[in-house]
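For reference, the structure discussed in these notes is given below.
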Amino acid sequence: MLLAKTLTSSTFKLALIAIGTFGMIVSAIFSYVYLSTASYVRARSDRANMTEYLILQGAYARSGREGLIALIERRIADRSFADNVYLLADPSLAVLGGNLKAWPSTVTAASGWAEFRAAQPSPDATHRPLLRAMLETFPGGDRLLVGRDISELDSFTEQIKAAVISSGALIFVLAAVASILVTRRTVGRIEQINATSRAIMQSGLDQRIPLRGSHDEWDRVAENLNLMLDRIETLMGEVKQVSDNVAHDLRTPLTRMRGRLEKAYDSQRSGEADQTLIGDTLADLDAVLRMFSSITRIAQIETQARTDAFRTANLVEIASEVVELYDAAAEQDGTRLTIVGDPEVKVTGDRDLIFDAIANLVDNAIKHGRAGGQVVVANESIDGRPVISIADDGPGIPAGEHEHVFKRFYRLEASRYTPGNGLGLSLVAAVARLHGARIELLDNAPGLKFRLWFAAPSG
Amino acid sequence: MTGGHRRILVVEDDPETAGQLMEQLTTSGYQVDLATCGNEALRRGAASDYAVITIDRMLPDIDGIAVMRQLRDDGVAAPVLIISALGEVDDRVRGLRAGGDDYLVKPFSFVELLARVEALGRRSETVVKETILRVGDLAIDLVSRTASRRGRDILLFPREFQLLEYLVRNQGRIVSRAMLLQHVWDLHFDPSTNIIDVYVGRVRRKVDGQQAYPLIHTVRGIGYLLRAPR
């Protein structure tokens, strides 16, 4: 299984390409070594042969056929020339002298180099020795052959050839084995990741890719994939939480509507009662629809990086408009709504969304603040960063609940029955995230203070 | 209602929604033509002179925005109300930028639709260039930005004056909360609370408090109506 995967893996194919390239380079080097060694050895032998030939040729020129025959016989008798072969023949190729019994039938050239096998095996060897000789045809038609046994030279180059081929083959086998091992390791790690992926698809997000602790790139890949899985798991949990909450918050008005309609269906038609019923049902439906549009709006802000709509605006101007819009609501509540701070604080962002976020915070502050208390919106620039804070002097939020308030549908038990759907602060959080702004929740002693730190304005 | 032709082209592909729209608009005294796809809308829109055209964004053949653009290119000047199930701000802006005059998100209440159609239809009537508008004993001066009833000045903040002006300009017609937010505050968002009601309540106290008769009336479930007693 693993071997099959190893052999089909792309790593292995890459290794094969590498081996192929490497093999060709090695072959080229070895061939060069072989060829240059062989030609060097042959050249040395040829030089010695040529010297001998020149001596014999000189003897023929000086003292004619008889002189040469005498020299050849002296040479044959001399043991130090044992490896040499000599042959002098007349124009009809009849042997005049030398240590070959007959003119070799394969040698037909008049002059130059020739290679041929001896007619009979040497006494100490089973094979017929290989000879290489220089040929000459004298003006009288006599033919001279001066050569030597190159069987040993030949077997030497053969040995080099064998060594080159076998070491090449060994290198190839070793490289192949090494690349299979390396590939197997790679494929093994990938298989682990694949196996975990399959397990996740089959059973759930609780699986993680095992780490080897080697801190290599595979461990880093596994680490990052595991982090991604953690993040997905968290998000899935949040989605489940939200859908549970949506189901809960939708079920309440829907149940109410259903009950109301069921009761009306069973009872007598009555104009006035029906009118009230339809009116109440419409109001409930509107609440449900409003919740839906809030959810989609938050989702839209969260998923789209709509930074192309970002402009530089005056935060104080936006805040003033919010304060003006909520002025009447505050007045009705007996709350004093004021705006303080710098007259101009530049901020880069989506004006409508920033308005929305501030409006939600002001709305919350008025709703959850103390009746007859005050809500203060303050704008300032701190270290070049635009900062807006919205503070009330109401009961505040227990410190332990601070981190929860931005969750969708989260509502403090105490405010479960005040109007609102628990989505306002999620929207604020989504807007803040889009703008790279940080939200701070502070104890206003008494009351609650939200502080938004926007990023320093661009341009 | 006031003069002018009352012919509407409804572009809607869902038969049930189209049926409801036609029935309700006919009941409200409009003559309604229906187009069930973009091509039909282009044909009808160019052929007749409509007071208002409502276009659904999701049509089977051509996108509603493209239909509207084409109508504009063809020289159709009738105000267009875009109706869409896509409620995002981006879409609104895109719809309006492409030449739409107003935008309504599905699902909507019919009263809201009617209010907007009425407001759009009025636009195609001749606009009277008056500096003082009167409804009953209320007079508002558009130049000095002041209002008075029976000659007694009413003290209004600028935004309150804008709100009153919008109601007066639409006198006798229902104005929804969303329309107020859009036209008085230039906001395209949906406050979950009743701030608009509170705001109108304050203006109403100033305008109608201790007067012979009220001018601003609440229309349950939708918004407000300013009119003189009959």
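Values quoted throughout were computed directly from the atomic coordinates according to the rules given, and no laboratory measurement underlies them. Everything quoted here is computed from the prediction, not taken from an experiment. Cβ coordinates were reconstructed from backbone atoms using ideal geometry, including for glycine residues, and neighbour counts include every protein chain displayed.
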key: Radius, Kirkwood style, for region B:7-123 when every pair of distinct Cα atoms is counted (Å)   = 13.7 Å
message = Using a 7 Å offset from the Cα along the Cα-to-Cβ direction at both residue A:278 and residue A:27, what is the distance between the two label points in nm, to one decimal?
response = 9.2 nm
query = residue A:197 to residue A:342: extension gain in nm, 0.36 nm per residue of separation minus the Cα-Cα distance?
reply = 46.7 nm
Dipole magnitude of chain B about its Cα centre (Cβ charges: Lys, Arg +1; Asp, Glu -1), debye to nearest 20 = 1320 debye
remark   = Output field shielding_mean for A:355-364 (other chain Cβ, 10 Å radius) holds 3
request  = Can you run the Rg to Rh ratio on region A:2-155? Use alpha carbon positions and the Kirkwood inverse-distance Rh.
outcome  = 1.30
note = Per-residue Cβ contact counts at 10 Å, fewest first, order A:389, A:166 as A:166, A:389
Estimated dipole of the protein assembly as shown in Debye, rounded to 20 [Cβ of Lys and Arg +1, of Asp and Glu -1, Cα centre] = 700 debye
Hydrodynamic radius (Kirkwood) for chain B, which is based on Cα pairs only, to one decimal in Å = 18.8 Å
inquiry  = If I take R0 = 30 Å and measure r between the Cβ atoms of residue B:210 and residue B:141 in this structure, what FRET efficiency does the formula 1/(1 + (r/R0)^6) give, to the nearest 0.05?
reply    = 0.90
note = Plugging the Cβ-Cβ distance of residue A:166 and residue A:18 into 1/(1 + (r/R0)^6) at R0 = 25 Å yields, to the nearest 0.05, a FRET efficiency of 0.70
query = In whole Å, what is the distance between the alpha-carbon centres of region B:17-79 and region A:77-122?
reply = 115 Å
ask   = What is the extension gain from residue A:137 to residue A:39, computed as 0.36 nm multiplied by their sequence separation minus the C-alpha to C-alpha distance, in nm to one decimal?
value = 32.6 nm
request  = Rank these for me by crowding, A:50, A:24, A:257, going from fewest to most other beta carbons within 10 Å.
outcome  = A:24, A:50, A:257
message = Please report the equivalent ellipsoid semi-axes of the protein assembly as shown, computed as sqrt(5 x eigenvalue) of the Cα gyration tensor, largest first, in whole Å.
response = 106, 32, 26
task = Can you figure out the FRET efficiency of residue A:296 with residue A:399, using R₀ = 35 Å and their beta-carbon distance, to the nearest 0.05?
result = 0.60
key: Cα centroid separation, region B:157-177 to region A:1-76 (Å)   = 108 Å
message = Just checking the output field for A:317-326: average partner chain Cβ neighbours within 10 Å of each residue's Cβ?
response = 3
inquiry  = Could you give me D for region A:39-129, from Stokes-Einstein at 37 °C and 0.692 mPa s, where the hydrodynamic radius is the Kirkwood radius over C-alpha pairs? Units µm² s⁻¹, please.
reply    = 227 µm²/s
request  = Treating only the Cβ atoms of Lys and Arg (+1) and Asp and Glu (-1) as charged, compute the dipole magnitude of region A:119-231 about its Cα centre; round to the nearest 20 debye.
outcome  = 440 debye
query = Label points 7 Å out from Cα along the Cβ direction at residue B:16 and residue A:77: separation in nm?
reply = 13.3 nm
